[in-house]
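Report on the structure given below.
The values are calculated or read from the model by the stated rules, or taken from the named source; none is laboratory data. On a predicted model such as this, the values are computed, not experimentally measured, just so you know. A quick note on method: Cβ atoms are made from the backbone with ideal geometry, for glycine too, and the neighbour counts reach across all protein chains shown. For accessibility, only protein heavy atoms count, side chains too; no ligands or nucleic acids. Shrake-Rupley method; radii C 1.70, N 1.55, O 1.52, S 1.80 Å.
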Amino acid sequence: MSGRAPEHVVRRAVALQSWADIAFLHWRAPVPQVQALLPPGLTVDALDGSAWLGVTPFRMQDVRAPGVPALPGWSTFPECNVRTYVRGPDGRDGLWFLRLVCPRRAVVLALRTVGLPYVHGDGTAVVRHDRATYRFARLGARDPAPFECDVDVGASLPEQERTPLVDALTGRWSAWTWVAGRLLRVPVEHEPWPLRGASARLRAVPGDVGELALPAETPPELVHFSSGVRSRIGLPHVVGRRRAAAPR
């Protein structure tokens, strides 16, 4: 996105972190299949006529609370997120995470308390020259097979290729979570992504990725890469009324 509107500014951050060497891998998915995975209050944000499944391997850096220095050797680690794109009851768009894989047990335990579906798993995210190599031990919800991918990074994305669809799939300013029967929105602030074109080769993919089937022979329809951004995470807040039903 070209800039940050006032509603995208986090005035009081509870966490600071950088997201580095990130690949955006995107597949189309059936709207009804994705909608069935969402909690009450969220609806699929259909883009170009489809729901979308995003897999974003990257490296977390300088994870810390405001006013606290990052811990050397601990605050940098690989992570891989499986996400889809939604709208909340207030009409705002955002991310719904289907799975997040992280090697830091403390991070996994802490963020599960705010409804994020973190699981513990080893991983690597290595960039050499213009190739990024990612490997995560357990991306699938039920299938324990690893996720392995090589991403060849190209030139900076020309302005004409930075379409509304590309911006919608990469630039999201909030995430939704579900805690104790309540829907929460987590505001996020970061610079616009410096995107580059890319291509991906999947070397290993579990049979299900975030509850959705993703055959290994199916390449992502859209692939982009970014060197990264710095981010500010705001305090989660409740949106909508309490519901008895829980997400799957």
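Before moving on, here are some points about what is shown:
- Test: residue in the range 42-56 that is farther than 26 Å from VAL205 by Cα and surrounded by fewer than 16 Cβ atoms within 10 Å (Cβ to Cβ): yes
- Answer residue from the range 1-26, given it is outside any loop (DSSP other than H, G, I, E, B) and at pLDDT below 85 and is farthest from the chain's Cα centre (by Cα) among those: PRO6
- No other residue among ARG185, ARG172 is basic (Lys, Arg), at pLDDT below 90 and either in contact with a Gly (Cβ under 8 Å, 6 or more places away or on another chain) or buried (at least 19 other Cβ atoms within 10 Å of the Cβ) (or both) apart from ARG172.
- Residues in the range 193-211 that are open to solvent by 50 Å² or more (accessible area, probe 1.4 Å) and not in a strand (DSSP E or B) were compared, and the one that is nearest to LEU235 (Cα to Cα) is PRO194.
- Residues (open to solvent by less than 30 Å² (accessible area, probe 1.4 Å) and out of contact with any helix residue (DSSP H, G or I) (no Cβ under 8 Å at 6 or more places or on another chain)) located in the range 78-96: PRO78, GLU79, CYS80, ASN81, VAL82, ARG83, VAL86, GLY88, GLY94, LEU95, TRP96
- No other residue among ARG242, ARG232 is modelled with pLDDT of 90 or more, over 26 Å from ALA29 (Cα atoms) and open to solvent by 70 Å² or more (accessible area, probe 1.4 Å) apart from ARG232.
- Here GLY54, GLY115 are screened, and the one residue that is modelled with pLDDT under 95, assigned to a loop (DSSP other than H, G, I, E, B) and small (Gly, Ala, Ser) is GLY115.
- Residue within the range 128-141 that is surrounded by fewer than 18 Cβ atoms within 10 Å (Cβ to Cβ), of a type outside the set (Ser, Thr, Tyr) and assigned to a strand (DSSP E or B) present: yes
- For THR133, the test of being farther than 29 Å from ASP45 by Cβ and in contact (Cβ under 8 Å) with a residue 40 or more places away in the chain is failed.
- Verdict on VAL223 being within 16 Å of the chain's Cα centre (by Cα), over 27 Å from ALA137 (Cα atoms), modelled with pLDDT of 85 or more and among the β-branched types (Val, Ile, Thr): no
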